[in-house]
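Accompanying notes for the structure given below.
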Amino acid sequence: MEQRFNYSDERFADIQVLRYRLNGFENLSLKEKLYIYYLSQATLYGRDITFDQFGKYNLKIRKVLEVVYTDMTIYRETDDFKALVVYLKRVWFSNGIYHHYGCDKFVPGFSADYLLACMRQVIPQKLPLESGQTVEQLFEVLRPVIFDAEVLPKRVNTDNGIDVVAASACNYYENVSQKEVEDYYSKLKDLDKSNAQPSYGLNSKLIKENGILREEVWHADGKYGNAIRHIIYWLEKAREVTENEQQAVAISKLINYYKTGDLQTFDEYSIEWLKELDGKIDFINGFIEVYGDPLGIKASWEGIVEYKDLEATKRTRLISDNAQWFEDHSPVDARFKKEVVKGVVANVVCAAMLGGDEYPSTAIGINLPNADWIRAEYGSKSVTIGNLTEAYNKVAKGSGMMDEFVIDEETLASIRKYSDVCDDLHTDLHECLGHGSGKLLDGVDFDALKTYASTIEEARADLFGLYYIADKKMIELGLVPDAEAFKSQYYTYILNGLMTQLVRINEGQQIEEAHMRNRALIARWCLAQGDCVSLVKKDGKTYVQISDYKQLRKHFATLLAEIQRIKSEGDYDAARQLVETYAVTIDEQLHKEVLERFNKLNIAPYKGFLNPVMLPVKNAKGEITDIKLNYSESYSHQMLRYSNEYSTLI
């Protein structure tokens, strides 16, 4: 009898730690397992890069806290120590001292005096002391960063009307203003007259020294070099056991990019990566997403290793095979549609290893590359990560969340019947078609929407999925069982955008994160139309009521057309107006009510994952004969092991 899989590990603060299972891994060939293992090692070696990108002092703070935590001479049964442990676990989870979603700095539950006393008690040589630096001097560097609420308070700050670069603590800029950054990269683009411009600034830190701006590029012989050289080593090992020649070609390009830092080489790699379609195994490894930069220019490091779920992929292939139909029938202006949709590839995959900005909190769907000109000319790859959604669904059963917030039994029954199918389908449509749809008009700058770009892009992809999930084409393709299924997705989406996502935000705060802003924008815009979505009181509680689902679909179509226009034309003012009007501020009374109702359920609002442990089995000659999986590692053990085995920058 198969042993019951334990999807949950520990819970702390607002976090529930989960596990995901590698379904079918045992049936892979030795060569396939080796390929996954080597790619996984390359994924884990990027961890320190992400920590440093998310805050200049993150690595030193993590190291100090880990030294204190593992020193058994420190008495562990005090409130201060227990608070320090929770703080450290939050730092591990968020790759630094800022909340992984809200970006606000954590408030420590222990005192500065306590931390100093602990630092004095541990072996000094274990602390991250610079040459000649005393324990007290190191403490004075870190004290205001940890304990002073006014010092570097927010990792990403996109508040309207401020210098968002100066107001953000992310480690992408130094001594520069927002205007200086924008002017610097505008000049680079103006000098480059090609139609295939690289994503300038994607892999560098912009610094001003003695009045002169320069880029500190992240490559093997530059910034983050030690981590990148380890990544290259394992990519070279992976290249020896690829499934096909095209995988080896793509990896060679990626290695060359890491060695040089040349962004044109990164684009060449992205194109070669897109060409590889036949292998079972794929991966992402590099400086990819720009959500962590308030200007949306610089990319955080992330990694993921995956292999196809061949049965579930039949669903996404149905969607991608009909990509041209979806583009042609989209409710947007014909000027903004792609005449020919190229290279849309979609798979359902099993995640095998998560790293960097994809760990422990991760996406459940990904569409790459991000460069619009590559999408237009060569296409894109999309994945829905099936074993992660499986884990989420397993732990969500019986939580009571839907029972508390859904308006009536009829709607609740619909959600229970259709939500698993529709949630996955909406993710497929969002990633495979939404992000890959539409085009920029000639001459429109990819960065024209600036701080609002990420929110607008996520809203565009979500709206594409929402519009089409209710289309009769879904029934024709056999993707939904009947014409009523879409209503479950419409209700849960609007409920989330108006109410339930607010459980992730503390009272008095605004909505900061791009995906949350996107959902709020869509839901509140539809609410403002006043004809099919409303907030109603029932037994003293607020509920979402949808009175006309067909009319709601029309609103999705109208908003999709406008948001596609905004992106295609680079209309910054319209983007700002939409986001600032609908996506940022929160009704205080509604927020308070939602939090009170949610807190009674005793559910963690945020979830993330532990990775499986991959254990090479060797013969007498030292040759690897198998890769075994172990799912029993605890959260603290995994984090400490990663800090011990994969630390390269401190």
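Structure above, values below:
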quantity: Residue within the stretch 107-129 that is under 29 Å from the mean Cα position of the chain (by Cα), within 27 Å of residue 82 (Cα to Cα) and surrounded by 12 or more Cβ atoms within 10 Å (Cβ to Cβ) present; calculated: yes
quantity: Test: residue in the stretch 87-105 that is open to solvent by 30 Å² or more (accessible area, probe 1.4 Å), of a type in the set (Ser, Thr, Tyr) and out of contact with any Ser or Thr (no Cβ under 9 Å at 6 or more places or on another chain); calculated: no
quantity: Failed condition for residue 505, given (1) at pLDDT 95 or above; (2) touching a Gly at 6+ places or on another chain (Cβ under 7 Å); (3) surrounded by 21 or more Cβ atoms within 10 Å (Cβ to Cβ); calculated: (1)
quantity: Lone unmet requirement of (1) touching a strand residue (DSSP E or B) at 6+ places or on another chain (Cβ under 9 Å); (2) assigned to a loop (DSSP other than H, G, I, E, B); (3) farther than 22 Å from residue 563 by Cβ for residue 340; calculated: (1)
quantity: Failed criterion for residue 206 (all others in (1) touching a strand residue (DSSP E or B) at 6+ places or on another chain (Cβ under 7 Å); (2) outside any strand (DSSP E or B); (3) of a type outside the set (Phe, Trp, Tyr) hold); calculated: (2)
quantity: Scope the stretch 572-586; condition of a type outside the set (A, V, I, L, M) and closer than 11 Å to residue 452 by Cα; matching residues; calculated: 572, 573, 576, 577, 580
quantity: Residues located in the stretch 417-473, provided they are open to solvent by 30 Å² or more (accessible area, probe 1.4 Å) and in contact with a strand residue (DSSP E or B) (Cβ under 7 Å, 6 or more places away or on another chain); calculated: 424
quantity: Qualifying position, being open to solvent by 20 Å² or more (accessible area, probe 1.4 Å), hydrophobic (A, V, I, L, M, F, W, C) and at pLDDT 95 or above, among 290, 305; calculated: 290
quantity: Candidates 74, 61, filtered to the one that is touching a residue at least 60 places away in the same chain (Cβ under 8 Å), of a type in the set (A, V, I, L, M) and open to solvent by less than 20 Å² (accessible area, probe 1.4 Å); calculated: 61
quantity: Residues of the stretch 261-282 classified as open to solvent by 10 Å² or more (accessible area, probe 1.4 Å), outside any helix (DSSP H, G or I) and either under 15 Å from residue 39 (Cα atoms) or among the acidic types (Asp, Glu) (or both), total; calculated: 5
quantity: Helices (runs of 4 or more DSSP H) within the stretch 562-649 that include 1 or more residues under 23 Å from the mean Cα position of the chain (by Cα); calculated: 572-582, 635-645
quantity: Leading residue by the ranking (nearest to the chain's Cα centre (by Cα)) among those in the stretch 143-161 that are at pLDDT below 95 and either surrounded by fewer than 16 Cβ atoms within 10 Å (Cβ to Cβ) or farther than 22 Å from residue 50 by Cα (or both); calculated: 159
quantity: Leading residue by the ranking (nearest to residue 459 (Cα to Cα)) among those in the stretch 416-443 that are within 21 Å of the chain's Cα centre (by Cα) and in a loop (DSSP other than H, G, I, E, B); calculated: 435
quantity: Test: residue in the stretch 525-536 that is within 30 Å of residue 103 (Cα to Cα) and polar (S, T, N, Q); calculated: no
quantity: Among the candidates 602, 611, residue that is open to solvent by 60 Å² or more (accessible area, probe 1.4 Å), of a type outside the set (D, E, K, R) and either touching a Leu at 6+ places or on another chain (Cβ under 7 Å) or more than 30 Å from residue 240 (Cβ to Cβ) (or both); calculated: 602
quantity: Residues of the stretch 209-236 that turn out to be under 27 Å from the mean Cα position of the chain (by Cα) and either at positive phi or part of a helix (DSSP H, G or I) (or both), as a count; calculated: 13
quantity: Out of 227, 248, sole residue that is touching an Asp or Glu at 6+ places or on another chain (Cβ under 8 Å) and of a type in the set (A, V, I, L, M, F, W, C); calculated: 227
quantity: Single match in 435, 426 (criterion: at pLDDT 95 or above and within 30 Å of residue 373 (Cβ to Cβ)); calculated: 426
quantity: Subset of the stretch 623-650 [under 15 Å from residue 47 (Cβ atoms), β-branched (Val, Ile, Thr) and at pLDDT 95 or above]; calculated: 648
quantity: The listed residue being of a type outside the set (Val, Ile, Thr), part of a strand (DSSP E or B) and open to solvent by 30 Å² or more (accessible area, probe 1.4 Å), out of 537, 554; calculated: 537
quantity: Test: residue in the stretch 177-196 that is touching a helix residue (DSSP H, G or I) at 6+ places or on another chain (Cβ under 7 Å) and among the aromatic types (Phe, Trp, Tyr); calculated: no
quantity: Any helices (runs of 4 or more DSSP H) falling wholly within the stretch 360-415 and containing at least 3 residues that are within 24 Å of residue 44 (Cβ to Cβ) and either open to solvent by 20 Å² or more (accessible area, probe 1.4 Å) or of a type outside the set (Val, Ile, Thr) (or both); calculated: 386-396
quantity: Among residues of the stretch 94-142, those that are over 21 Å from residue 52 (Cα atoms) and of a type outside the set (A, V, I, L, M), counted; calculated: 13
quantity: Verdict on residue 213 being open to solvent by 20 Å² or more (accessible area, probe 1.4 Å) and in contact with a Phe, Trp or Tyr (Cβ under 6 Å, 6 or more places away or on another chain); calculated: yes
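The values are calculated or read from the model by the stated rules, or taken from the named source; none is laboratory data. Keep in mind the model is a prediction, meaning the values are calculated, not measured. Note: ideal-geometry Cβ built from the backbone for every residue, glycine included; neighbour counts use all protein chains shown. The accessibility values were calculated without ligands, DNA or RNA, using every heavy atom of the protein model including side chains. Shrake-Rupley method; radii C 1.70, N 1.55, O 1.52, S 1.80 Å.
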